[in-house]
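Okay, handing you the structure first.
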Amino acid sequence: MDRFAEVEAFVRIVDTGGIGAAARRMGVAKSVISRRLRELEDRLGGRLINRTTRQFSLTETGRAYYERVSQLLEDLEDADHAAHCDAQTLIGTLRVAAPMTFGNVHLAPAIAEFLKQHAGLHIHLDLNDRRVDLVEEGFDMAIRIGQLADSSLIARKLAPVRNALVASPEFIAQHGPLKIAEDFNDLPALRYTGISERDAFQIRRPDGESVQLRPDIRMQANNGEILVRMAEAGLGFMFTPTFIAAAAIDAGRLDVLLPDHQLGEVTAYAIYPPGRNLSTKVRAFIDFLVGRFGEMPYWDTCIDKQ
């Protein structure tokens with residue numbers, strides 16, 4: 001009888017929301033988790049979890065038991081960590097999900113620096129623009145940009161994400177001068193399909209009036225880096241987050257147009273599942289990203305230079 005294994009299985013079931021998710025988090029078969037829960041309940045002489053084919057809920061006894069043993073498990077993990085490494089060392093594997101472009105351009109160099117600082121840490125990075133289910137798919141945390149739909153998740157702001165209206169010097173020479181919003185109507189444009197058509201070309205004048213541009217969509221794609229390459233080739237203007245276009249703007253391949261207009265601002269967040277057992281490595285990595293990006297992210301210097 002392994003009392004620790006039984007207790008750990010029970011806590012992970014509650015933390016992750018189900019037996020299957022707990023099995024994936026712990027790297028064992030579902031049958032193992034089910035057996036450990038059954039043995040724990042048999043040993044305690046009562047049901048801790050009410051289970052159906054689709055959902056589960058804690059019994060009153062289970063809720064009280066979870067409150068006590070989850071804290072004990074957290075204390076034990078902290079003690080193990082302190083025994084194996086000093087206060088500056090992180091160990092284990094950190095599973096992170098992030099959007100493709102932000103991951104390629106900005107998260108990759110951040111991870112490289114972080115891993116150099118923590119030789120005992122391993123990172124499993126999944127770059128995908130879809131919204132992963134952190135608990136179901138076993139991720140420790142994710143980076144998300146925009147509105148947060150998962151109210152059950154805990155979010156920490158990493159950086160503001162500003163947008164810019166950009167075009168190549170070739171495009172401006174061919175279609176300019178482009179001084180007011182109406183100048184862009186019917187011009188070739190490039191659209192990112194990750195936002196609604198209504199929001200794709202919404203702009204606010206300096207006086208606060210909102211204007212909807214009506215361009216000719218020359219190309220649309222679900223990847224911002226590809227659209228930036230098309231804009232550099234002079235195929236259209238585009239609205240883009242500055243973190244995607246910063247290098248092209250700094251190099252003079254793209255120019256910022258109507259810089260005194262407002263194109264909206266969203267936020268980059270680090271998100272993670274709720275619970276008191278936020279690991280040291282997750283907390284350390286999020287703190288590192290906040291310090292690296294922050295309220296004035298380095299990529300926005302491309303706008304300040306315009």
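Suppose we keep only residues that are among the hydroxyl-bearing types (S, T, Y) and modelled with pLDDT of 85 or more within the range 58-79. Which one would you say is nearest to the chain's Cα centre (by Cα)?
Among those that are among the hydroxyl-bearing types (S, T, Y) and modelled with pLDDT of 85 or more, it is Y66.
Output the number of residues of the range 199-248 satisfying the condition of being among the basic types (K, R) and in contact with a His (Cβ under 7 Å, 6 or more places away or on another chain).
Residues that pass the stated criteria total 2.
Inside the range 92-153, counting only strands (runs of 3 or more DSSP E) that do not spill past its ends, which hold 1 or more residues that are more than 26 Å from L263 (Cβ to Cβ) and over 11 Å from the mean Cα position of the chain (by Cα)?
Counting at least 1 such residues, we get 92-98, 121-127.
Hey, another quick one. Here's a check for you: in the range 165-206, which residue that is among the hydroxyl-bearing types (S, T, Y) and at pLDDT below 95 is farthest from F237 (Cα to Cα)?
Out of the qualifying residues, it is S196.
Let me ask you something else. Of the residues that make up the range 33-50, is at least one in contact (Cβ under 8 Å) with a residue 40 or more places away in the chain, of a type in the set (K, R) and outside the structural domain of E136 (by TED's automatic domain parsing)?
Within the range 33-50 (the criterion being in contact (Cβ under 8 Å) with a residue 40 or more places away in the chain, of a type in the set (K, R) and outside the structural domain of E136 (by TED's automatic domain parsing)), the answer is yes, since at least one residue qualifies.
Please work out if V132 is more than 17 Å from P241 (Cβ to Cβ) and surrounded by 14 or more Cβ atoms within 10 Å (Cβ to Cβ).
Considered against the rule, which asks whether it is more than 17 Å from P241 (Cβ to Cβ) and surrounded by 14 or more Cβ atoms within 10 Å (Cβ to Cβ), V132 comes out as yes.
Mind checking which residues of the range 24-50 are out of contact with any strand residue (DSSP E or B) (no Cβ under 8 Å at 6 or more places or on another chain), surrounded by fewer than 16 Cβ atoms within 10 Å (Cβ to Cβ) and within 20 Å of E67 (Cβ to Cβ)?
R43, L44, G45, G46, R47
Another question about this same structure. With the condition kept exactly as written, say whether any residue in the range 135-150 is under 30 Å from D207 (Cα atoms), touching a helix residue (DSSP H, G or I) at 6+ places or on another chain (Cβ under 8 Å) and surrounded by 16 or more Cβ atoms within 10 Å (Cβ to Cβ).
Looking through the range 135-150, at least one residue is under 30 Å from D207 (Cα atoms), touching a helix residue (DSSP H, G or I) at 6+ places or on another chain (Cβ under 8 Å) and surrounded by 16 or more Cβ atoms within 10 Å (Cβ to Cβ).
For the range 1-23, give me each residue that is surrounded by fewer than 16 Cβ atoms within 10 Å (Cβ to Cβ) and of a type in the set (A, V, I, L, M, F, W, C).
M1, F4
Name the single residue, out of those in the range 255-303 being part of a strand (DSSP E or B) and under 18 Å from the mean Cα position of the chain (by Cα), that is nearest to F171 (Cα to Cα).
E265
The values are calculated or read from the model by the stated rules, or taken from the named source; none is laboratory data. If you're wondering where the values come from, they're calculated on a predicted model, not measured in any experiment. Backbone-built Cβ (ideal geometry, glycine too); neighbour counts: all protein chains shown.
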